[in-house]
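Have a look at the structure that comes next, please.
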Amino acid sequence: MCSFSPSLNAHGGKAMTSVDDSLVELRCAVAVVRGDAVLLLQRPDRGDWVLPGGRPHPHEGMASCARRETREETGLDVYPNRCALVLEVNDPVEHRRIVELVFIAEDFDTAATPVAREPDRRPVWVGWDELRTVTLHPPIAGFLPDLRRGGYARYLGNLWRPDPGDR
């Protein structure tokens with residue numbers, strides 16, 4: 001059981017609860033890179049985009065989780081070969097704390113076509129130059145282009161931002 005303490009938010013002083021004592025969830029995602037594009041999943045019902053990924057099964061490694069989730073969501077069999085980003089999402093609205101590991105995968109059959117295997121997620125190759133025009137959750141679009149240049153693993157800290165309806 002998690003306990004939450006009331007706090008004020010910077011958006012109008014509305015009372016919120018702290019996530020300091022909540023359990024930390026783990027999410028493993030993959031930036032699948034093909035040439036000048038990265039694979040994103042469009043979530044039309046939410047109006048945003050995410051990287052393929054999800055939560056690990058018991059006793060499953062982090063890279064294995066990212067690979068499995070990508071296969072389940074897109075049909076692509078990728079090989080995440082390095083951790084590229086580590087970030088936190090501390091969401092006081094949903095009372096959630098998430099640590100996300102973002103791997104990079106460039107080793108896969110680039111001729112394979114990703115297929116929507118989940119009704120609420122549509123895989124789309126998004127060009128590096130287009131990244132800033134999409135609403136990516138968490139908001140890491142500005143960091144992804146570094147990956148194509150052999151960018152190193154970076155700790156991004158807490159990237160939670162309230163959804164417009166939460167303000």
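Every number in this text was worked out from the coordinates using simple rules, so none of it is lab data. Treat the numbers as computed from the prediction; the structure is a model and nothing was measured. Quick reminder, even Gly has a Cβ in these numbers, built from the backbone with ideal geometry, and neighbours come from all protein chains shown.
Between rounded, prolate and oblate, where does region 31-161 land on the alpha carbon gyration tensor, with a ≥ b ≥ c its root eigenvalues, rounded for a/c under 1.5, else prolate if a/b exceeds b/c? Write down the numbers at each step before the final one.
On the way: a/c = 1.21, a/b = 1.19, b/c = 1.01.
Because its axes are fairly even, with a/c under 1.5, region 31-161 counts as rounded.
While we're here: As an exercise, identify the trypsin sites (Lys or Arg not before Pro) in region 71-159 lying in DSSP coil whose Cβ has no more than 15 other Cβ atoms within 10 Å. Present the calculation step by step, with values, prior to reporting the outcome.
Working: sites: 71, 82, 96, 97, 117, 121, 132, 148, 149, 154; in loops: 117, 149.
Qualifying residues, ordered by number: 117, 149.
Here's another thing I want to ask about it. Quick check on region 67-124: take the gyration tensor over C-alpha atoms, sort the square-rooted eigenvalues as a ≥ b ≥ c, and tell me if it's rounded (a/c under 1.5), prolate or oblate.
Numbers: a/c = 3.47, a/b = 1.52, b/c = 2.28.
Oblate, because a/c is 1.5 or more while a/b does not exceed b/c.
Can you give the FRET efficiency for residue 120 and residue 36, using 1/(1 + (r/R0)^6), R0 = 25 Å, r = Cβ-Cβ distance, to the nearest 0.05? Please report the intermediate quantities before stating the final value.
Details: r = 27 Å, r/R0 = 1.08.
That pair, residue 120 with residue 36, gives E of 0.40.
Something else now. Please get the size of the charge dipole for region 31-161, origin at its Cα centre, with Cβ charges of +1 on Lys and Arg and -1 on Asp and Glu, quoted in debye to the nearest 20. Mind dumping the intermediate values first?
Details: 18 positive and 20 negative charges, 39 e Å.
With only Lys, Arg, Asp and Glu charged at Cβ, the dipole is about 180 debye.
When the Karplus curve 6.51 cos²θ - 1.76 cosθ + 1.60 is applied with θ = phi - 60°, which whole-Hz ³J(HN,Hα) does each residue of region 91-107 get, with x for Gly and Pro?
9, x, 6, 8, 6, 10, 10, 10, 10, 10, 9, 10, 9, 10, 10, 10, 9
Work from the charge dipole of region 31-161 (Cβ charges, +1 for Lys and Arg, -1 for Asp and Glu, about the Cα centre) and give the residue of 74, 110, 134 farthest towards its positive end.
Value computed over the given set: 134.
Positive end of the charge dipole of region 49-147 (Lys, Arg +1 and Asp, Glu -1 on Cβ, about the Cα centre): tell me which of 50, 93, 62 has its Cα farthest that way.
93
Taking the Cα centre of each part, how many Å lie between region 73-149 and region 24-42?
Using only Cα atoms to place each centre, the spacing works out to 2 Å.
Here's another thing I want to ask about it. Please check which bits of region 47-70 a label hung off residue 134 would reach, taking the label as a point 7 Å along Cα-to-C-beta and the cut-off as backbone N under 14 Å.
47-53
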